[in-house]
Amino acid sequence: MDTKEKSDVFQKRIDNGEKIEPKDWMPERYRKQLIRMMSQHAHSEIVGMLPEGNWITRAPSLKRKMVLLAKVQDEAGHGLYLYSATETLGVKRKDLVEDYLYGKAKYSSIFNYPTLTYADICVIGWLVDGAAIVNQTMLAKSSYGPYARANLRICKEESFHKKQGYEMLAKMAGGTPEQQKMAQDAVNRWWWPTLMMFGPPDEESPNSAELITWAVKTKTNDELRQSFVDRTVMEARKIGVTLPDPDLKYNEETGHWEYGEIPWDEFWRVIKGDGPMNRERLKARRKAYEEGAWVREAAMEYARKKKYREGKAS
Amino acid sequence: MSKKITNTKTDKELIIEILLRLADDRLIHGHRLSEWTGHGPELEEDLALANVALDMIGHAAALYRYAAVIEGNPDEDYYAYFRDDIDFKNVAMVELPKGDFAYTITRQFLFSVYSYFLYEKLIETVENEQFNGMLQKHFKEIKYHLRHSREWVLRLGDGTKESHERIQNAFDEIWMYTGELFSMDETEHTAIEKNLFVDVSELKAPWLEFVKETLEEATLSLPDDDQYMFTGSRQGRHTEHLGHLLAQMQFLRRSYPDADWK
Amino acid sequence: MKTNQEWPLWEVFYQPGNGKPFEHAGSVHAPDAEMALQNARDTYARRNEGIAIWVVPSDQITASTPEDVGPFFDPANDKAYRHPQFYSVPRAVKKRK
């Protein structure tokens, strides 16, 4: 079979809803796009540990301390599942990691904002994880088997992430005046960056059409964003926080909530590395990576020595 | 034991004192380990350190909760958030700043060996069923902490020249804080009579033997035991580090004590 | 600062319960078998998902290729006699199950 025929068979399998597995034939561009998208997803989980990790030592009760620690730990786990799935495409995790630390690879723009009060932790759970769940639920049906399975596992584990955030935010929004102030302030700061998480509008999203044809994604950025907004408006009302968008209004005909203009200039700047926390986040991750080098080397050296000794003994 | 008993604590005060000593060790150690989250030397190790931290904070919370029931306090948070450093009973070793990975592993190893022998003995001794049940549950996880830290001591000790130096330095630096693990005070002597505690001075020999064997296997040398040994933490005389740790841990809760933070 | 090597990759299998067959969970990086086992436990059994774990160096796994699909698996399709549904059982016996 030539490449054209293989491509047709491949597309037919996708259209039939079959999963593609690592050793199956796939177009080079499919493989490249998957590596880009999956590793970007993995980097986001890892960088995402930093803003929330900022509050582990200050969480206001032992319960919340353990919840937060377990959640941030889950993010390390999710990063690991995703790297593990990406590695099935024949790339090394080390190369992927170094590509975002020292090269051009991207991670989600949302993690380039600071966590200023404890309410930020609650809002990240509610909005940021809420948005991530919308996205990952779709990706759990992705055409690439390992990616779909990783997302399925992530979704199962992540349901508590959103719940704990929403639950605590509800308490704060209905709590003391200081708690209410923190809660609303956090919602104000995180709302727009959360909407940007779904990526640029469809007409400016270069990869979307292709990814949908290959069933890597099944919905467009704007579709996902809309379903998130519809759900979130109701949730905000229930706990008494206001979404900072004066243009937000319900459209009777479509049955959807229409939202105001997203500040896309800010999005493009942050994506290109020029946001409030890009430099600091990368610096923290580089530091961990570089300061861990001697540990990783020591463990390899020990393994080498041990193997040598065992070889000699037998 | 020839020491004259002059302790006048009631049985209730005694068990609370013992519960808090165990719990404070675990909360403060867990807090230090949690500082690694997102900054570990490798992704897998980030998960491992967070697991140990979660276990330890979980053990502390369970012990505090039981103390709260006995003492009639609202909940476990009272002990973690509303006591000052002179009220904390943890050993100084666990409050020292986390240092590099070798330092963290060394502390975890020395403390885990101690916890292993302590819990093993406590489970044989403690008659209070609820207390004993908790000890048994936590003991399983302590065994894993010991395994994890011991394996790393071997790898860092017998790894590269750099890792060897780093972990040898860590043992040398931390050693002066190992003395108080095995020192006994009146509270403990009384608690022994009530089957609530064990003679920790008797744990020194098996602890040292275990540490020595591991260090030998890791090609490391045992620090000089005849040196200044820090004491007093069990009575609330800590290092300067604890105050800073508590300032961070307690600030939000104490700023708004009437708010619901659960 | 880039580093020139990484810990080898291990495939992780776990047993979800007593008597259950092992399932593939994913992979971890580890310098040796003992650490692979610990890392697998901390990564894939954080929620008591398993009661036992296997770790295998990834490069030691031999897998069938997509080209094998025909010769490996198709022949079984016409061997209906290998499947219990091939046989009829008297109705009375069926009910007692």
Give me the pairs: first residue in the stretch A:184-212 and within 21 Å of A:LEU169 (Cα to Cα) and aliphatic (A, V, I, L, M), second residue open to solvent by less than 20 Å² (accessible area, probe 1.4 Å) and in a loop (DSSP other than H, G, I, E, B), beta-carbon distance under 6 Å, and six or more apart or on different chains, which are they? A:VAL187/A:VAL241; A:LEU195/A:ILE262
Out of (1) away from chain A (no Cβ under 12 Å); (2) open to solvent by 50 Å² or more (accessible area, probe 1.4 Å); (3) more than 23 Å from B:LEU54 (Cα to Cα); (4) modelled with pLDDT of 75 or more, the odd one out for C:PRO90 is which? (4)
If we scan the stretch B:134-143, do we find a residue that is more than 24 Å from C:MET35 (Cα to Cα), away from chain A (no Cβ under 14 Å), at pLDDT below 95 and surrounded by fewer than 19 Cβ atoms within 10 Å (Cβ to Cβ)? no
Return the residue satisfying two criteria in turn: it lies in the stretch C:42-56 and is within 23 Å of A:LYS307 (Cα to Cα) and either within 14 Å of chain B (Cβ to nearest Cβ) or in contact with a Phe, Trp or Tyr (Cβ under 6 Å, 6 or more places away or on another chain) (or both), and of such residues it is surrounded by the fewest Cβ atoms within 10 Å (Cβ to Cβ). C:TRP54
Within the stretch B:99-115, can you find the residues that are within 17 Å of B:LEU215 (Cα to Cα) and open to solvent by 10 Å² or more (accessible area, probe 1.4 Å)? B:TYR103
Residue check, B:ASN73 free of Cβ contacts under 8 Å to residues at least 40 places away in the same chain, polar (S, T, N, Q) and open to solvent by less than 30 Å² (accessible area, probe 1.4 Å): no
When you go through (1) more than 14 Å from chain B (Cβ to nearest Cβ); (2) open to solvent by less than 10 Å² (accessible area, probe 1.4 Å); (3) not β-branched (Val, Ile, Thr) one by one for A:TRP55, which number turns out not to apply? (1)
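Yes/no per residue for (1) within 14 Å of chain B (Cβ to nearest Cβ); (2) open to solvent by less than 10 Å² (accessible area, probe 1.4 Å); (3) in contact (Cβ under 8 Å) with a residue 24 or more places away in the chain:
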| residue | (1), (2), (3) |
| --- | --- |
| A:GLU21 | no, no, yes |
| A:TRP25 | no, no, no |
| A:ARG29 | no, no, yes |
| A:LEU34 | no, yes, yes |
| A:SER44 | yes, no, yes |
| A:LYS65 | yes, yes, no |
| A:ALA76 | yes, yes, yes |
| A:TYR83 | yes, yes, yes |
Just to check your reading of the model, which residue among A:PHE228, A:PHE198 is part of a helix (DSSP H, G or I), over 30 Å from C:GLU23 (Cα atoms) and more than 14 Å from every other protein chain (Cβ to nearest Cβ)? A:PHE228
Those residues of the stretch B:59-68 that are open to solvent by 20 Å² or more (accessible area, probe 1.4 Å) and free of Cβ contacts under 8 Å to residues at least 12 places away in the same chain come to a total of 1
Considering only the stretch B:83-119, state which residues are within 15 Å of the chain's Cα centre (by Cα) and among the charged types (D, E, K, R). B:LYS89, B:GLU95, B:LYS98, B:ARG107
Pairs only if they're at least six apart or on different chains, beta carbon under 7 angstrom, first in the stretch B:145-165 and in contact (Cβ under 8 Å) with a residue 24 or more places away in the chain and more than 10 Å from every other protein chain (Cβ to nearest Cβ), second part of a loop (DSSP other than H, G, I, E, B) and crowded, with 19+ Cβ neighbours inside 10 Å; list them, first residue then second. B:VAL153/B:ALA218
Identify, from the list C:GLU11, C:GLU49, C:GLU34, C:GLU23, the residue that is charged (D, E, K, R), out of contact with any helix residue (DSSP H, G or I) (no Cβ under 9 Å at 6 or more places or on another chain) and modelled with pLDDT of 85 or more. C:GLU23
Can B:GLY157 be described as small (Gly, Ala, Ser) and open to solvent by 20 Å² or more (accessible area, probe 1.4 Å)? no
The residue that is farthest from B:SER149 (Cα to Cα), considering only those in the stretch B:199-214 that are among the aliphatic types (A, V, I, L, M) and open to solvent by 10 Å² or more (accessible area, probe 1.4 Å), is B:ALA205
Can you find a residue that is under 26 Å from B:GLN248 (Cα atoms), within 9 Å of another protein chain (Cβ to nearest Cβ) and more than 13 Å from the chain's Cα centre (by Cα) anywhere in the stretch A:124-131? no
Would you point out the residue of the stretch B:12-62, among those that are small (Gly, Ala, Ser) and part of a loop (DSSP other than H, G, I, E, B), that is nearest to the other protein chains (Cβ to nearest Cβ)? B:GLY38
Selection from the stretch B:138-181 of residues that are over 22 Å from the mean Cα position of the chain (by Cα) and assigned to a helix (DSSP H, G or I): B:ARG155, B:LEU156, B:GLY157, B:LYS161, B:GLU162, B:SER163, B:HIS164, B:GLU165, B:ARG166
A:SER142 fails exactly one of (1) within 14 Å of another protein chain (Cβ to nearest Cβ); (2) not in a helix (DSSP H, G or I), namely (1)
Cβ pairs under 6 Å, 6+ apart, first in the stretch B:45-57 and farther than 19 Å from A:ARG58 by Cβ and free of Cβ contacts under 8 Å to residues at least 40 places away in the same chain, second in a helix (DSSP H, G or I) and of a type in the set (Asp, Glu): B:LEU47/C:ASP42; B:ASN51/C:ASP42
Residues being assigned to a loop (DSSP other than H, G, I, E, B) and among the hydroxyl-bearing types (Ser, Thr, Tyr) - total across the stretch C:44-67: 3
Tell me which residues, restricted to the stretch A:272-314, are surrounded by fewer than 19 Cβ atoms within 10 Å (Cβ to Cβ) and touching a residue at least 40 places away in the same chain (Cβ under 8 Å). A:PRO276, A:MET277, A:LEU282, A:ALA284, A:ARG286
Could you figure out which of (1) assigned to a helix (DSSP H, G or I); (2) within 11 Å of chain A (Cβ to nearest Cβ) isn't true of B:SER115? (2)
Looking only at the stretch B:215-240, and only at residues there that are open to solvent by less than 10 Å² (accessible area, probe 1.4 Å) and either touching a Leu at 6+ places or on another chain (Cβ under 6 Å) or within 14 Å of another protein chain (Cβ to nearest Cβ) (or both), the one that is nearest to B:MET93 (Cα to Cα): B:LEU215
Can you find even one residue in the stretch B:241-255 that is touching a helix residue (DSSP H, G or I) at 6+ places or on another chain (Cβ under 8 Å), within 10 Å of chain A (Cβ to nearest Cβ), open to solvent by 60 Å² or more (accessible area, probe 1.4 Å) and in a loop (DSSP other than H, G, I, E, B)? no
How many residues, within the stretch C:1-41, are open to solvent by less than 50 Å² (accessible area, probe 1.4 Å) and in contact (Cβ under 8 Å) with a residue 40 or more places away in the chain? 6
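The values are calculated or read from the model by the stated rules, or taken from the named source; none is laboratory data. It should be emphasised that the depicted structure is a prediction, and the values quoted were computed from it without experimental measurement. Cβ: placed from backbone, ideal geometry, glycine included. Neighbour counts: every protein chain shown. Quick note on the areas: whole protein, heavy atoms, side chains included, nothing else; ligands and nucleic acids left out. Shrake-Rupley method; radii C 1.70, N 1.55, O 1.52, S 1.80 Å.
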